[in-house]
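Here the structure is laid out as structure tokens; the discussion comes afterwards.
The values are calculated or read from the model by the stated rules, or taken from the named source; none is laboratory data. Small disclaimer: the values here were computed from a predicted structure and weren't measured. With ideal geometry, Cβ positions are generated from the backbone for all residues, glycine too; neighbour counts draw on all protein chains shown. Accessible surface is based on the protein model in full, side chains and every heavy atom, while ligands, DNA and RNA are left aside. Shrake-Rupley method; radii C 1.70, N 1.55, O 1.52, S 1.80 Å.
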Amino acid sequence: MKTLKNFWYIAVLLLFFTPILTSCGDDDGSISLGTPKYESVSGKYNITSPGSQYRSIELGASGNYIVITGSSYYAQQARSGQKKSSFFYQDKTDASRATNYNGIIYGTYTQLADGSFDLEGFGIVKIIYAEDKTVTGIELTPETGGPVTLTVEKEEVMADDDMTNALCRTWRMDKLEINLTEGDQSFSATVTRNNWQDYEIMETFGDEVLFSKSGTYMVTYVDGAIGISSWKWKNKDAGTIFYSWDNQWYEDEFVTLSFSGNTLIIHEVYEEDDYEYYKEETYTYLVAE
């Protein structure tokens, strides 16, 4: 995936038609979000059964699930040199496309009367607990095939607090505001799911974004692609989080979060001054589902 810096090539077309954006709009710092429906049962279960075709099953707090199969590959190689990815876009999103999403299965789930979970398009999952209430396995009944019992280890989750609880749910991407400066010229644009195709450099646009307390964040795109990454707090008091597309953490790969009602605003800035000053600044608006 080309980085946002490539917007510069179409800047000439829009430079004199769009005002420069200098703030993230109506952000008032308030949080007006209820508890997601499945917060109490959410979690990521890593499969430990030898020979299993599944690597993990994760239940999101808003009722979305992620199944990672043994054939999936979503972690990119460790980067070298200049930063090329951003929070929502990898350096290359050859990431998962439709059919089986390259081994990543994503959908919605509901909890049944007996406490098991119906993962739409995948099957029924029942969590198996030991006497001390720790999770020891899952009973999986795929939509095609008989039941199988798998041993699992539940991923450690982050502690509850207002910021983590607000973030960890499923969001829908609303718009992307971008400001670019190169030398003494500036450019800005507002990109949405309705106009992203007007920008030749935009290969796709984000659809849903899932954050979990297991440190997963996943982006689905309007063209059917999926990107899975990891996140952790950089400075919770400042609302900053690190992100990683390749299972490694880099000091310059972080964003700042703020909330306004049911909207999450993600602010990211990248600057360089090697030959000529360059700065790209984005505000991405996500609405809680």
Item to check | Hey, residue 244 open to solvent by less than 10 Å² (accessible area, probe 1.4 Å), among the small types (Gly, Ala, Ser) and at pLDDT below 95 or not | outcome: yes
Checklist entry - When you look at residue 262, is it under 21 Å from residue 39 (Cβ atoms), at pLDDT 90 or above and open to solvent by 60 Å² or more (accessible area, probe 1.4 Å), yes or no? => result yes
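How many residues are open to solvent by 50 Å² or more (accessible area, probe 1.4 Å) and under 27 Å from residue 39 (Cβ atoms) when one looks only at region 268-286? Walk me through it before giving the result.
Kept after step one, since they are open to solvent by 50 Å² or more (accessible area, probe 1.4 Å), are these residues of region 268-286: 269, 271, 273-277, 279.
Remaining after also requiring under 27 Å from residue 39 (Cβ atoms): none.
Here the count works out to 0.
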Item to check | Near pairs, Cβ below 9 angstrom, 6+ apart or cross-chain, from region 264-275 (farther than 26 Å from residue 175 by Cβ and charged (D, E, K, R)) to any residue that is assigned to a loop (DSSP other than H, G, I, E, B) and open to solvent by 20 Å² or more (accessible area, probe 1.4 Å) | outcome: 274/82
Next on the checklist: What's the total number of residues in region 41-71 that are over 18 Å from residue 230 (Cα atoms) and not in a loop (DSSP other than H, G, I, E, B)?
Outcome noted: 3
Checklist entry - Looking only at region 100-122, which residues are small (Gly, Ala, Ser) and either open to solvent by 70 Å² or more (accessible area, probe 1.4 Å) or in contact (Cβ under 8 Å) with a residue 40 or more places away in the chain (or both)? => result 107, 113
Checklist outcome for this item: Scanning region 123-169 for residues that are open to solvent by less than 40 Å² (accessible area, probe 1.4 Å) and in a strand (DSSP E or B) gives 123, 125, 127, 135, 137, 138, 140, 142, 150, 152
Checklist entry - Within region 244-261, can one find any residue that is within 26 Å of residue 108 (Cα to Cα), in contact with a strand residue (DSSP E or B) (Cβ under 9 Å, 6 or more places away or on another chain) and of a type in the set (Val, Ile, Thr)? => result no
